[in-house]
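Participant: My structure is below; once you've seen it, I'll send some questions.
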Amino acid sequence: MFKSITPRRGAATAVALAGAVLLFGAGPAAAGSNGQQIGFKDNSYAANSIQIEGYNQNGQHTSQCFRVSPGSSTQIHGWWWKWTVRVKSFNNSGCTGTSFRWAQDKYINPQQSGDWVWYTGY
C-alpha cells in the first residue's frame, strides 16, 4: 500500500506562506513603530507640490518633491519620516524657484499610535 503525502505538503506550504505574509507584509514601518507617513492639507488652494526634507525610517537624511492637489488633502504613501521634518509648499508642480509659498518644521516621534502626521499649508 502506498500513501501520497501531497495534501500534507500543501497544508504545510500554506501555513508557511501565511506566516511570511504576517511577518513581512507590513513594510518598513508599521503602526508608528519607526516613523510616520505625511499628509498635507492645502488651505491656500494654490499648492501644486510639496518638498519634504528630513530623516527616513533608516535614519538617512533625504529630500523629495511630491505633487499635491490644490485645496485638498493629499496623503504621501510609502514614505516614512521621523525626527525633525520640514514641509515646503510651492505653486508649481516641481518644488522650484519663486513659486515657494509656505514652510513648517515638525518633530515627528518615530513611535506613535498611528501612521500619519498632518501638515496644513496656507
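Participant: In nanometres, what is the gap between the two model label sites at residue 83 and residue 46, each 7 Å from Cα along Cα-to-Cβ?
Facilitator: 3.3
Participant: What Kirkwood Rh does segment 38-92 have if only Cα atoms enter the pairwise 1/r average? Answer in Å.
Facilitator: For segment 38-92, inverting the mean 1/r across all distinct Cα pairs yields 11.4 Å.
Participant: From the phi angles alone, apply the Karplus equation (6.51, -1.76, 1.60; θ = phi - 60°) to segment 78-91 and give each ³J(HN,Hα) in whole Hz, x where the residue is Gly or Pro.
Facilitator: x, 10, 10, 10, 8, 6, 7, 10, 9, 10, 10, 10, 9, 5
Participant: Further, regarding this structure: Working from the alpha-carbon coordinates of segment 30-122, get Rg over Rh, Rh being the Kirkwood radius.
Facilitator: Rounded to two decimals, Rg/Rh equals 0.96.
Participant: Moving to a separate point now. Taking H placed 1.01 Å from N in the peptide plane, check which residues at least 5 places from residue 57 or on another chain put their amide H under 5 Å from its amide H.
Facilitator: 80
Participant: Using 0.36 nm per residue, how much length does the chain from residue 120 to residue 92 gain when fully extended, once their Cα-Cα distance is taken away?
Facilitator: Extra length available between residue 120 and residue 92 comes to 8.3 nm.
Participant: What are the ³J(HN,Hα) couplings of segment 55-64, residue after residue, when phi is run through the Karplus curve with 6.51, -1.76, 1.60 and θ = phi - 60°? Round to Hz, x for glycine and proline.
Facilitator: The phi angles translate into 9, 8, 5, 8, x, 8, 6, 8, 9, 8 Hz.
Participant: Hey, another quick one. Once the convex hull of the C-alpha atoms of segment 71-122 is built, how many Å³ does it hold per residue, rounded to a whole number?
Facilitator: Looking at segment 71-122, the number lands at 98 Å³ per residue.
Participant: Follow-up. Taking the Cα of residue 100, stepping 7 Å toward and past its beta carbon, and measuring to each backbone N in segment 67-88: which are under 14 Å?
Facilitator: What the label zone holds, given the 14 Å backbone N cut-off, is 86-88.
Any read-out appearing in this document is the output of simple, stated calculations on the displayed coordinates, not a laboratory observation. Fair warning: this is a prediction, and the values are worked out from it, not measured in the lab. We place every Cβ from the backbone using ideal geometry, glycine too, and count neighbours over all the protein chains shown.
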